[in-house]
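Asks: Below: one structure in structure tokens.
The values are calculated or read from the model by the stated rules, or taken from the named source; none is laboratory data. If you're wondering where the values come from, they're calculated on a predicted model, not measured in any experiment. Using ideal geometry, Cβ is built from the backbone for each residue, glycine included, and neighbour counts are taken over all protein chains shown. These accessible areas exclude ligands, DNA and RNA; they are computed on the full protein's heavy atoms, side chains included. Shrake-Rupley method; radii C 1.70, N 1.55, O 1.52, S 1.80 Å.
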Amino acid sequence: MDFKLILEIVGYIGSALVVVSMLMTSVVKLRLINLIGSVISIVYAAIVHAYPLAIMNFCLVVINVYNLYKLLNTKKEYSVVQVGADDSFAKFFINSFKSDIKSFFADFEDLSGSDSIHLVCCGTSPVGILAGTEKNDCLEVKIDYTIPMYRDCSVGKFIYSYLASKGVKSLKANASCPSHQAYLNKMGFKEKDSCLIKEL
């Protein structure tokens, strides 16, 4: 394989990564993949002497590094609002993200039957909801959803810690899709009796 062909492939890879980054729902992943694509594009542009392209991608690298630093070093302040199944704002939140919720919880329809419902807020904005049924200090989770921009597990860690402080000793969940299974595994759930359990 000659050098010119390899160089073309490198250029296409850099461009493809920049485009793919725009499809990411996580802002951190978007910035990281865009950064990698921009670095590759700088190398390609410098070798073929496409200096305007190199300058543009260098600017993207600086922007991405700055924003990643801000994202990773800004402490998120979360709070919890406990609500009822008929709470209007909880219904509004769920309806606003209904299609995304369905991609993780295909059988979820509404909060009816849940006696423990918690809206997680960052500042004054709701960013997640956890709802289920509590029995004998165990919360059987019906939905544990976080909006795309906050999917770095920090919401989950916060709400689990909060529940532990309120006397909940364990969580019981079922994985409804591979991505939700991966999240539960990452959060420390262990398989037991055909479901997943996390001790708090």
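Asks: Mind checking whether some residue in the range 78-91 is over 12 Å from residue 146 (Cα atoms), surrounded by fewer than 13 Cβ atoms within 10 Å (Cβ to Cβ), touching a Cys at 6+ places or on another chain (Cβ under 9 Å) and modelled with pLDDT under 95?
Replies: Within the range 78-91, none of the residues are over 12 Å from residue 146 (Cα atoms), surrounded by fewer than 13 Cβ atoms within 10 Å (Cβ to Cβ), touching a Cys at 6+ places or on another chain (Cβ under 9 Å) and modelled with pLDDT under 95.
Asks: Can you tell me which of (1) in a strand (DSSP E or B); (2) free of Cβ contacts under 8 Å to residues at least 12 places away in the same chain is the one residue 70 doesn't meet?
Replies: (1)
Asks: I would also like to ask the following. Looking for whichever is open to solvent by less than 60 Å² (accessible area, probe 1.4 Å), touching a strand residue (DSSP E or B) at 6+ places or on another chain (Cβ under 7 Å) and among the charged types (D, E, K, R) here; the options are 100, 144, 115. Which one fits? Walk me through it before giving the result.
Replies: Working: 100 fails: touching a strand residue (DSSP E or B) at 6+ places or on another chain (Cβ under 7 Å); 115 fails: open to solvent by less than 60 Å² (accessible area, probe 1.4 Å).
The unique qualifying residue is 144.
Asks: Follow-up question, since we're still on this one. Go through the range 47-56 and give me each residue that's open to solvent by 50 Å² or more (accessible area, probe 1.4 Å), in a helix (DSSP H, G or I) and either in contact with a Gly (Cβ under 6 Å, 6 or more places away or on another chain) or among the hydrophobic types (A, V, I, L, M, F, W, C) (or both). Outline the logic, then answer.
Replies: Quick first cut of the range 47-56, residues open to solvent by 50 Å² or more (accessible area, probe 1.4 Å) only: 47-49, 51-53, 55-56.
Adding the requirement that they be in a helix (DSSP H, G or I) leaves 47, 51-53, 55-56.
Residues satisfying the conditions are 47, 53, 55, 56.
Asks: In the range 63-96, how many are in contact with a Phe, Trp or Tyr (Cβ under 6 Å, 6 or more places away or on another chain) and not aromatic (Phe, Trp, Tyr)? Write out each step before concluding.
Replies: Of the range 63-96, the ones in contact with a Phe, Trp or Tyr (Cβ under 6 Å, 6 or more places away or on another chain) are 78, 80.
Applying the additional criterion that residues be not aromatic (Phe, Trp, Tyr) yields 80.
Result for the range 63-96: 1.
Asks: More than 29 Å from residue 29 (Cα to Cα) and either surrounded by fewer than 16 Cβ atoms within 10 Å (Cβ to Cβ) or at pLDDT 90 or above (or both) - does that describe any residue in the range 179-189?
Replies: Taking the range 179-189 first, the residues more than 29 Å from residue 29 (Cα to Cα) are none.
No, that holds for no residue.
Asks: Here is a further query. Would you be able to tell me the number of residues in the range 148-169 that are open to solvent by less than 20 Å² (accessible area, probe 1.4 Å) and free of Cβ contacts under 8 Å to residues at least 60 places away in the same chain? Working first, answer last.
Replies: Within the range 148-169, the subset open to solvent by less than 20 Å² (accessible area, probe 1.4 Å) is 153, 155-156, 159-160, 163, 168.
If we keep only those that are free of Cβ contacts under 8 Å to residues at least 60 places away in the same chain as well, we get 153, 156, 160, 163, 168.
Residues that pass the stated criteria total 5.
Asks: Sticking with this one: Taking the criterion of being modelled with pLDDT under 90, open to solvent by less than 60 Å² (accessible area, probe 1.4 Å) and not in a helix (DSSP H, G or I), would at least one residue in the range 3-15 satisfy it?
Replies: Taking every residue of the range 3-15 in turn, none turns out to be modelled with pLDDT under 90, open to solvent by less than 60 Å² (accessible area, probe 1.4 Å) and not in a helix (DSSP H, G or I).
Asks: Considering only residues that are assigned to a helix (DSSP H, G or I) and open to solvent by 70 Å² or more (accessible area, probe 1.4 Å), which ones fall in the range 16-37?
Replies: Of everything in the range 16-37, those that are assigned to a helix (DSSP H, G or I) and open to solvent by 70 Å² or more (accessible area, probe 1.4 Å) turn out to be 19, 29, 32, 36.
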